[in-house]
Amino acid sequence: MNASNQSLPLFGWRRWKRVLIGISLTLLTSSVATAEAGAMNDVMRILEQSMSMIDKGIAKLDYSIVVAGAKQIEERPMPSWIDRAKIFADLGSEAPAFKEADKEMRRLARKIAESAERHDLEALRQAVSQLRHKCITCHKKQTQSTGDNK
Ligand code: HEC
């Protein structure tokens, strides 16, 4: 039999404290190493998917697809506090810039949706190119800071 032979430390605060510290350390170390990339990638996957909806909508001149994609960026939920903590731990000194970029991306997404609703292709194209610029600028910074890929 392989049952855990330790009963839960229901009454000892010291034990609880150790457990809590243990949990925090686990969150801080293992999750930063593994799950944090997952949290960030979840955010990025939504962005990528929305971006391709926007592109597809423009290609087919179907403005409703563009609006749907843009709304997905604008109204995407914040990651849970724990995922945000992981993401910011990973970003380190880049965290404030990331928050700023996040706000900017939502603002541009609103601009995209509004232009699409007005069927204003010129304004739409401009806003999309500004948004894409955000993605590229940040990714470029990332590859620079994580070592150049020769
Ligand atoms: C402020 C910074 C920042 C901005 C802005 C940003 N990204 Fe990212 N993105 C990242 C980081 C950091 C990663 C790398 C995550 C990792 O280490 O796996 C990433 C990774 C990705 C990936 C790869 C995810 C995977 O599963 O491997 C995609 C796709 C992506 N981003 C799409 C986008 C799109 C589309 C936009 C713009 C609409 C965008 N990102 C804007 C920081 C940013």
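No value in this document is a laboratory result; all are computed from the given coordinates. Predicted, not measured: the structure shown is a model, and the values here were computed from it. Every residue, glycine as well, gets a Cβ built from its backbone with ideal geometry; the counts of neighbours run over all protein chains shown.
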Quiz prompt | Exposure proxy ranking, count of Cβ atoms within 10 Å, fewest first, for Lys99, Lys86 | solution = Lys99, Lys86
Quiz prompt | HN-Hα J in Hz across region 40-48 - Karplus 6.51, -1.76, 1.60, θ = phi - 60°, x for Gly and Pro | solution = 5, 5, 4, 4, 5, 5, 4, 4, 4
Quiz item: What's the exposure ranking of Met44, Met51, going from fewest to most Cβ atoms within 10 Å?
Solution: Met44, Met51
Exercise. Would you list which aspartates and glutamates come within 20 Å of Lys86, measuring only between C-alpha atoms, while excluding same-chain residues fewer than 8 positions from it?
Key: Glu36, Asp42, Glu94, Glu100, Asp102
Practice problem: Run down the lysines and flag those whose C-alpha is under 16 Å from the C-alpha of Lys71, throwing out any fewer than 8 positions away in its chain. | Solution: Lys56, Lys103, Lys111
Quiz item: How big is the gap, in Å, between the Cα center of region 95-142 and the Cα center of region 65-89?
Solution: 14 Å
